[in-house]
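Here is the structure we will look at, set down as structure tokens.
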Amino acid sequence: MNILNAVILGIVQGLTEFLPVSSSGHLVILQKLFDINEPGLFLDTMLHFGTLLAVFAVLWKDILDLLKKPFQMLTLYLIIATIPAVIAALLFKDSIEEIFKSAQFLGWCFLITTALLITAELLSRRAVSANNQKPKKSMNWIDALVIGIMQAIAIPPGISRSGATISGALFRRLDRDFAARFSFLLSIPAILGALVLQVKDIFDSGASEIADLNIAAIITGTACAALVGFFAVKFMLKIIREKSLFGFAIYTGILGILIIFDQMVTHIAF
């Protein structure tokens with residue numbers, strides 16, 4: 001892993017983490033294209049940490065409100081929505097790592113993202129036209145659980161976490177702007193949890209493996225992810241308020257088909 005590769009991966013991570021196109025899926029593609037074999041999940045986690053900094057920078061008012069009033073319903077809903085992914089990560093950790101390495105189902109996972117985005121956009125438009133959207137104050141624990149299940153489903157690369165959680169919120173007729181904000185706030189415990197687990201694995205593997213890591217590359221990649229992610233969050237908040245998810249659905253659909261074709265026929269990257 002060199003600094004140039006880390007910069008490229010950091011930029012891609014920052015662009016795609018908050019756009020509903022699967023950042024982990026794009027990182028797997030780049031890792032295949034550039035033949036990047038290490039540090040694997042650790043670099044992926046650190047790039048996610050960079051985007052976590054972007055969330056704090058953009059949504060600091062929302063986060064400050066949670067810190068000032070921790071015992072509020074939004075806090076409870078974030079906890080409820082976090083639980084399914086935690087359970088899935090603990091139960092299927094080895095399988096998840098193998099999925100990241102093999103990328104066997106990557107193309108199909110991108111197509112799942114496409115299906116989720118199309119369905120969510122259609123349901124949201126129906127709710128808007130019927131004046132049947134639910135504001136933040138009308139959210140309930142079932143809404144949070146549905147969003148949490150969608151986040152758990154989005155663990156494999158190719159299924160967008162932001163796309164799945166935003167879709168889950170739109171399935172439940174939540175306001176579009178709040179759906180995006182809740183998804184981005186939900187990324188905080190998800191990324192922190194992944195970071196803690198990955199750092200633990202690195203230290204458990206021994207000091208020699210830690211010494212082999214290119215710290216400069218990791219720091220540079222993390223910084224790029226944070227900077228680019230800052231603008232991506234702002235862009236996505238505007239897109240979901242004023243535009244539609246169909247463009248992202250078309251993109252992930254085409255990408256999924258190309259990956260499946262490459263895996264079956266051309267074998268250029270897979």
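Rule-of-thumb check for the chain: C-alpha Rg over 2.2 N^0.38 Å? Present the calculation step by step, with values, prior to reporting the outcome.
Working: Rg = 18.1 Å, N = 270, 2.2 N^0.38 = 18.5 Å.
Scaled against compact globular proteins, the figure is 0.98.
Using a simple spin-label model with points 7 Å from Cα along the Cα→Cβ vector, what separation in nm is obtained for GLN104 and GLN133?
4.2
Counting only protein heavy atoms, what percent of the accessible surface of the chain is carbon or sulfur at a 1.4 Å probe?
Details: 8990 of 12980 Å².
Ligands and nucleic acids excluded, carbon and sulfur reach 69 percent.
Report the extension gain between LYS32 and ILE96 in nm, rounded to one decimal, defined as 0.36 nm multiplied by the number of residues separating them, less their alpha carbon distance.
On the way: separation 64, 0.36 × 64 = 23.04 nm, distance 1.73 nm.
Additional length available on full extension: 21.3 nm.
So what is the accessible area of the range 129-168 per residue, in Å², with the probe set to 1.4 Å?
Numbers: 1600 Å² over 40 residues.
Counting only protein heavy atoms, the per-residue value for the range 129-168 is 40 Å².
If the reach is capped at under 26 angstrom between alpha carbons, list the lysines near LYS234, excluding any in the same chain fewer than eight residues apart.
Within the straight-line cut-off, LYS234 pairs with LYS61, LYS68, LYS69, LYS134, LYS136, LYS137, LYS243.
Given a Förster radius of 22 Å and the C-beta distance between LYS61 and ILE142 as r, what FRET efficiency does 1/(1 + (r/R0)^6) yield to the nearest 0.05?
With a Förster radius of 22 Å, E is 0.25.
Under 17 Å from the Cα of LYS93, which lysines turn up, not counting those fewer than eight places away in the same chain?
Within the straight-line limit of under 17 Å, LYS93 reaches these lysines: LYS101, LYS200.
Which net charge results for the neighbourhood of PHE18, defined as the other residues with beta-carbon distances under 12 angstrom from its beta-carbon, given Lys and Arg at +1 and Asp and Glu at -1?
On the way: positive: ARG161, ARG181, LYS234, LYS238; negative: GLU17.
Neighbourhood net charge equals +3.
Efficiency by 1/(1 + (r/R0)^6): what FRET value for THR119 and ILE254, r their Cβ-Cβ distance, R0 = 25 Å, to the nearest 0.05? All intermediate terms of the calculation are to be shown ahead of the outcome.
Working: r = 18 Å, r/R0 = 0.72.
Using R0 = 25 Å, I get an efficiency of 0.90.
So what does THR222 come to for accessible area, using a 1.4 Å probe and Å² rounded to 10?
Using a 1.4 Å probe on the heavy atoms, I get roughly 20 Å².
Please report the accessible area of ILE79 (heavy atoms, 1.4 Å probe, ligands and nucleic acids excluded) in Å², nearest 10.
Surface open to solvent at ILE79 totals about 90 Å².
Using +1 at the C-beta of Lys and Arg and -1 at the C-beta of Asp and Glu, which of ILE118, ILE29, PHE100 has the Cα lying farthest in the positive direction of the dipole of the chain?
ILE118
The values are calculated or read from the model by the stated rules, or taken from the named source; none is laboratory data. None of these values were measured; they are calculated from a predicted model. Cβ coordinates were reconstructed from backbone atoms using ideal geometry, including for glycine residues, and neighbour counts include every protein chain displayed. Areas reflect the complete protein model, heavy atoms only, side chains present, ligands, DNA and RNA absent. Shrake-Rupley method; radii C 1.70, N 1.55, O 1.52, S 1.80 Å.
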